Amino acid sequence: MPRPKADHEERRARLAKAACEVILDIGLENAKLSDIGTRAGLTTGAVQHYFRSKEDLLFFAKNHVFDLILDKTRTPPPELEGAERLYYIIRRHLPITTEHLKAVRLLEAFRGRAIGNATLLRNQHKRDLTFLSLLEEELGRLKDAGLMHADMEIPTAALGLNAIIEGIGCIVMAAPGAYKSINLFAIVADYITGVLGAPPPLDSAAKPARPRKPDAEAPPEKKPARKKAAPKGL
């Protein structure tokens, strides 16, 4: 009797989670179907029932992780308006939690595997376009509302914003815990306000990434001249 579709998808998701755990433990190249099956509580034969090969499983696992990140960012709360919608997406796409940092490590491992493989590169680019499209949609909202520079091209602005986020992810991945989340967000907020001309975040906790220049030192205050006493007898 065939398994219900919901159960089938649950097993595939469980195997994807197990595959990610194994990759983080022993590396992408060393991950075997038997290791992944053991981690998921399934036999190798059961794993092959859901995935034809190791490549199929690993590709599904990568996309599963990517979709989990997007699900946390693609729908800002309806009460948010203007630039706050974009800031919401940025906060949830930056690798500032342990789980998100694990996801970044996994995605970078798959990107490395895609080098020299035209099919994997095309698939990776297709997935990257999903997030770029989300950024373009939000930036388009800002431009239509007159909340960013009118001459800014939306695709270019989205590409620059995504490049900053991806770069931060690579740096944080190499040195987890070395940077404060508030400073990482401030770097992106500086781009949104300084380059794109959008309003700053309403959250007062978002500190500027660049230190403010100290104000010019004020000249010492002059003391009022003391009046000379009038001569006696006048």
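Each value in this text was obtained by applying a stated rule to the coordinates, not by laboratory testing. Only a predicted model underlies this, so the values are computations on that prediction, with no experimental measurement involved. Positions of Cβ are backbone-derived with ideal geometry, glycine not excepted, and every protein chain shown enters the neighbour counts.
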With R₀ set to 30 angstrom, the calculated FRET efficiency between the beta-carbons of ILE182 and ARG12, to the nearest 0.05, is 0.20
Distance from the Cα centre of the stretch 143-189 to that of the stretch 59-112, in angstrom? 13
What is the gain in length, in nm to one decimal, between GLU108 and THR43 on full extension, counting 0.36 nm per residue of separation less the C-alpha to C-alpha distance? 20.6 nm
Apply 1/(1 + (r/R0)^6) to the Cβ-Cβ distance of ARG122 and ALA174, taking R0 = 22 Å, and write down the FRET efficiency to the nearest 0.05. 0.20
What is the distance, in nm, between label points placed 7 Å from the Cα along the Cα-to-Cβ direction at ARG141 and at ASP67? 2.4
Counting other C-beta atoms within 10 Å, which of ILE23, ILE154 has the fewest, and how do the rest follow? ILE154, ILE23
For the stretch 7-60, taking Cα atoms only, what is the radius of gyration to one decimal and the Dmax to the nearest whole Å? 9.6, 29
What is the magnitude of the charge dipole of the stretch 7-60 about its Cα centre, with +1 placed on the Cβ of each Lys and Arg, -1 on the Cβ of each Asp and Glu, and no other charges, expressed in debye to the nearest 20? 100
Kirkwood hydrodynamic radius of the stretch 72-200, Cα pairs, Å: 15.5
With 30 Å as the limit, write out which pairs from LYS102/LYS143; LYS32/LYS102; LYS72/LYS180; LYS17/LYS143; LYS32/LYS126 have Cα-Cα distances beyond it, or answer none. LYS102/LYS143; LYS17/LYS143
What is the Å³ per residue value for the convex hull set by the Cα atoms of the stretch 71-145? 92
On each of the three principal axes of the Cα atoms of the stretch 1-157, give max minus min coordinate, whole Å, ordered largest first. 58, 37, 29
